[in-house]
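These notes are about the structure you will find just below.
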Amino acid sequence: LSNIASANHEVLQSTANTILLAMFMAHYVNRALLYPWRTRGSKPTPLSVMALAWLFCVVNGYMQTRMLTHVNKYDERWFIDPRFGIGVTVFFCGMLINFQSDDILRRLRKPGDVGYKIPRGGMFRFVSGANFLGEIIEWSGFAIACWNIQAAAFAIFTFCNIAPRAYHHHLWYLSKFPDYPKKRKAVIPFIF
């Protein structure tokens, strides 16, 4: 937030900068405020995992918002550049997949349920980690729309962090549910 408060107002006059910053902020408002509020019956998170996630978010948040509020002013032509349009579209497709997948996972357990169930519907028809897929698509779209090294690094890190988690979730589902859909992949439909 300090980057936004001290922003170069000339940079924020760029329509593209403002939209990109709003996309970034919308994701984290959902992830940090709305998602935990809607989640029920989740398990406690180890302090070390929470601390490392917080550290990553602080460093990455600084890096992304610094670029969008102080360093890189996109001129108005960027707003009509195909990379911007494609990236924004991909980002919002990923966000939609993420929201829908989180909703499907939340609805698996009724109040009082403690067991695990197979998620169905949405992108869960194709992958075990539909929520992870949505996140990967989101940040890939952001990287395309920003077209800078910082956003690309974030998208790559997201994939490298989330794809193995999705794979391990996939293996767990296969081991626990004999009727688990065998054609489902871990995180990339039809591939992985």
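With a threshold of 24 Å on the Cα-Cα distance, the over-threshold entries among Lys117/Lys185; Lys110/Lys185; Lys110/Lys183 are Lys110/Lys185; Lys110/Lys183. For the chain, what are the DSSP H helices with axial Cα length of 27 Å or more and mean Kyte-Doolittle hydropathy of at least 1.0? The qualifying helices are 47-66. Each Lys or Arg adds one and each Asp or Glu subtracts one; over the other residues with Cβ under 15 Å from the Cβ of Ala26, this totals -2.
For region 118-160, averaging the sequence separation of C-alpha pairs within contact (under 8 Å, six or more residues apart) and dividing by the residue count gives a relative contact order of 31 percent.
The H on the amide N of Lys185, modeled in the peptide plane, is under 5 Å from the matching H of Val127, Ser128, Phe190, each at least 5 residues off or on a different chain.
In this simple spin-label model, placing a label point 7 Å from the Cα along the Cα-to-Cβ direction at both Asp113 and Phe56 gives a separation of 2.8 nm.
Each semi-axis of the equivalent ellipsoid for region 56-192 is √(5λ) with λ an eigenvalue of the Cα gyration tensor; in descending order they amount to 33, 15, 14 Å. Between Ala51, Ala143, Ala16, the Gaussian network model of the chain with springs among Cα atoms under 10 angstrom shows the greatest mean-square fluctuation at Ala51.
Ala16 sits among other residues whose Cβ lies under 14 Å from its own Cβ, and their net charge, with Lys and Arg +1 and Asp and Glu -1, is -1. Normalised by the number of residues in the chain, the mean separation of alpha-carbon contacts (under 8 Å, six or more apart) gives a relative contact order of 23 percent.
Computed over every Cα-Cα pair of region 79-124 and binned at 10 Å starting from 0, the pair-distance distribution P(r) comes out as 24, 34, 21, 14, 6, 0 percent. Separation of region 76-111 and region 141-163, taken as the distance between their Cα centroids, equals 14 angstrom.
For region 120-127, the Karplus equation 6.51 cos²θ - 1.76 cosθ + 1.60, evaluated at θ = phi - 60°, returns couplings of 9, x, x, 6, 5, 5, 10, 9 Hz by residue, with Gly and Pro reported as x. Projected label points at Arg31 and Ile188, each 7 Å from Cα along the beta carbon direction, are separated by 2.1 nanometres.
Each value in this text was obtained by applying a stated rule to the coordinates, not by laboratory testing. Fair warning: this is a prediction, and the values are worked out from it, not measured in the lab. For neighbour counting, all protein chains shown are included, and Cβ atoms are generated from backbone atoms with ideal geometry for every residue, glycine included.
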